[in-house]
Amino acid sequence: MAGKHEKIAGSLIQDILSGRYRVEERLPSERDLASRFDANRGAVREAMKKLEQIGLAEIQPGGARVKDMHEASLDVLGHLLTHDHLPDPLLIDQILVVINSLMRLATEQTLELASDQEIEHIRTLAKPLYAEDLDEASHTLARIELFQSIMLTNRNLPLQLISRTLFDQFARSLGALNEVMMIDKEAYGVFAKQLDQALAKRDVPAVQATFSALSDLHRQTMMHAFEAARSNLSREAVTS
């Protein structure tokens, strides 16, 4: 169960993201927030520290002011993605572009730095995606395991940390979309085989082409899921 300070922070974050408090505007005082949330000032201070850590507020003498979202940390993405019933499709698309770019860079560095044994291990993780008839859950786990192995083998710590943070924020927001997402396993199988062949040859241009195609597939899959989720919400609104 979330503590009082987490509930206060969550409420204030949603207020800021919804535009209730604008950039440079002063947030309510500790006294006002303590009264609003029926909390002690210690809980309010902890909540404000969380907002400061995320980068949505700056604590100053006499109070705290809202900061521009462009100055926030990556953690703000998780709040943006769960701000409404469905995450913002434009933001999802932007995140997918970045994730695919990071994965392409990670694979290029893996081809340069990994041992033959490490490359062979990654190839064994790619094979089930085109050589086996996996169900939806197994297919998702196989893709995640493959991408995690590539990311861990590239030896680029900043890239690993940024990718993991971004992916974690992204994955936690997909509940409503996962229910209606249709995975084109045949298309993924084609690209998994291409990736396997590129890994075997340590062929960087082939990796670049494969991840470019994968990026398009990921984005198409997500947009179709959005349309299906929107239709479901519309039907629920009509029948409620």
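Would you give the gap between the C-alpha center of the stretch 167-238 and the C-alpha center of the stretch 40-63, rounded to a whole Å?
Cα centroid to Cα centroid, the span is 38 Å.
Over the alpha-carbon set of the stretch 4-71, work out the extent along each principal axis and list the three values in angstrom, largest first.
For the stretch 4-71, the Cα spread along each principal axis is 31, 24, 19 Å.
Apply the Karplus curve 6.51 cos²θ - 1.76 cosθ + 1.60, θ = phi - 60°, to the phi angles in the stretch 137-143 and return the couplings in whole Hz, x for Gly and Pro.
Values, residue by residue: 5, 5, 5, 4, 5, 5, 5 Hz.
Name the shape class, rounded, prolate or oblate, that the alpha-carbon gyration tensor gives for the stretch 84-160, where a ≥ b ≥ c are the square roots of its eigenvalues, rounded holds for a/c under 1.5, and otherwise prolate holds if a/b is larger than b/c and oblate otherwise. Working shown, then result.
Values: a/c = 2.95, a/b = 1.26, b/c = 2.34.
The shape class here is oblate.
Which value at 222 nm does the chain reach when only helices count, each DSSP H run of 4 or more adding -39,500 (n - 2.57), with the total divided by all residues and rounded to the nearest 500 deg cm²/dmol? Don't skip to the end; give the middle numbers.
Details: 12 runs with 172 residues, N = 240.
It comes out at -23000 deg cm²/dmol, rounded to the nearest 500.
Hey, got the Cα dimensions of the stretch 76-239 along the principal axes, in Å, largest first?
The Cα atoms of the stretch 76-239 stretch 58, 35, 23 Å along the principal axes, largest first.
Pick from G78, G62, G175 the residue whose mean-square fluctuation is largest in a GNM of the chain, springs joining Cα atoms under 10 Å.
G62
How charged is the neighbourhood of L111? Take every other residue with its Cβ under 14 Å from the Cβ of L111, and add Lys/Arg as +1 and Asp/Glu as -1.
Net of charged neighbours comes to -2.
Does the stretch 171-240 classify as rounded, prolate or oblate by the C-alpha gyration tensor (a ≥ b ≥ c root eigenvalues; a/c under 1.5 gives rounded; else a/b over b/c gives prolate, otherwise oblate)?
prolate
Considering only Q148, Q60, Q220, give the residue with the highest GNM mean-square fluctuation for the chain, with springs between Cα atoms whenever their separation is below 10 Å.
Answer for the Gaussian network model of the chain: Q60.
Quick check: net charge around K7, other residues with Cβ under 14 Å of its Cβ, Lys/Arg +1 and Asp/Glu -1?
That works out to -1.
What is the stretch 76-239's relative contact order, in percent, from Cα pairs under 8 angstrom and six or more apart in sequence?
35 percent
Coordinate-derived values only; no laboratory data. These numbers come from a predicted model, not from an experiment. Here the Cβ is made from the backbone with ideal geometry for all residues, glycine too, and neighbour counts use every protein chain on show.
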